[in-house]
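Scroll down for the structure; my scribbles are underneath it.
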Amino acid sequence: MIISDVHGCLDEFNLLLSKVNYRPQHDELILLGDYVDRGIKSREVVQRVKELHEEFGVVVLKGNHDDMMVSALINNDESLNAHWLNNGGYQTIESYCGFDFLEEQFDWNTYIKAKEFIRNHFQPHIDFLNDLPLYHETDTHIFVHAGINPFYEDWKKQPDDDFLWIRDIFINNLTGTDKIVVFGHTPCVYLHSSADIWFSPLEDKIGVDGACAYGKQLNCLEINHGEYFLHSVKKGESPPNLARDKTICERYANPIREGDSFEARDYCVNERNFKFRKDKYFYRTDESNRDSISLFINRSFY
């Protein structure tokens, strides 16, 4: 399961993990960076991600916003400070220092005090973000925040900034590797006019940034036995009523039981996600209206 660009959207992050039935003891979760800035709960997101990493070995990669935050906090450099503040740093400071800290005014002296407060009280968060790796590689995929530079024969030797910031050169060219690159950073709405997960027509990369912090959605790409499943939570989406949803689902199917075979069922239900079979695809709806459906990509399950 891959999620990117949470940007302080803690409620949506938690709801998405619940919606996909994330089981930390069984599922591999890979987070592609940008846990802070723009959203209002950056501190809480960093704490949640840190705990997931320490308790369950969740793969946590560094994003450009995480890097901007750390660089501004550990250095006394006006350009780094300005860069962070101009890219959503104010919301992160508010998250760490509290609304009262900034309620009267926000000037340069207040900012310096805020930096000192964060360093004094949240150094473990700073160290955690600072030490995050830039990529994660498997036999079939490369996971990275922004992308890889196709003009490097060995993409691992590209500058660190490319892992965090690259955009058009990566998106518009073949990657030069036989592994599919899964990335965040560039909102999917800029790639195919939709917040849904983007599959490159070059068939070598997948973009997952749903621009949740900009009012769109938080996406999750599930890779299961070589197949891709798409999940999302809209910005501000409320948790479902489980009792209601179970009643709705049971109108159409019995609950899944251990040992059940999906292939032998016309449709099935797993608590919050109602799934049914139609024309060799999986569809999902959490509402009673069966026409309200979202497509799961699955090329060979049946």
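Structural remarks
- Distance from the Cα centroid of region 156-216 to that of region 37-69 is 20 Å (rounded to whole angstrom).
- Electrostatic bookkeeping for residue 69 treats Lys and Arg as +1 and Asp and Glu as -1; over the other residues with beta carbon under 12 Å from its beta carbon, the sum is +1.
- Label sites at residue 203 and residue 56, each approximated as a point 7 angstrom past Cα along Cα to Cβ, lie 3.4 nm apart.
- Gain in span if fully extended, residue 167 to residue 21, counting 0.36 nm per residue against the direct Cα distance: 49.4 nm
- Taking each residue as 0.36 nm, the span from residue 131 to residue 117 lengthens on full extension beyond its C-alpha to C-alpha distance by 3.0 nm.
Here, each number is a calculation from the coordinates, and none is a lab measurement. As the structure is a prediction and not an experimental result, all values here were calculated from the model. Note that we place each Cβ from the backbone using ideal geometry, even for glycine, and neighbour counts take in every protein chain shown.
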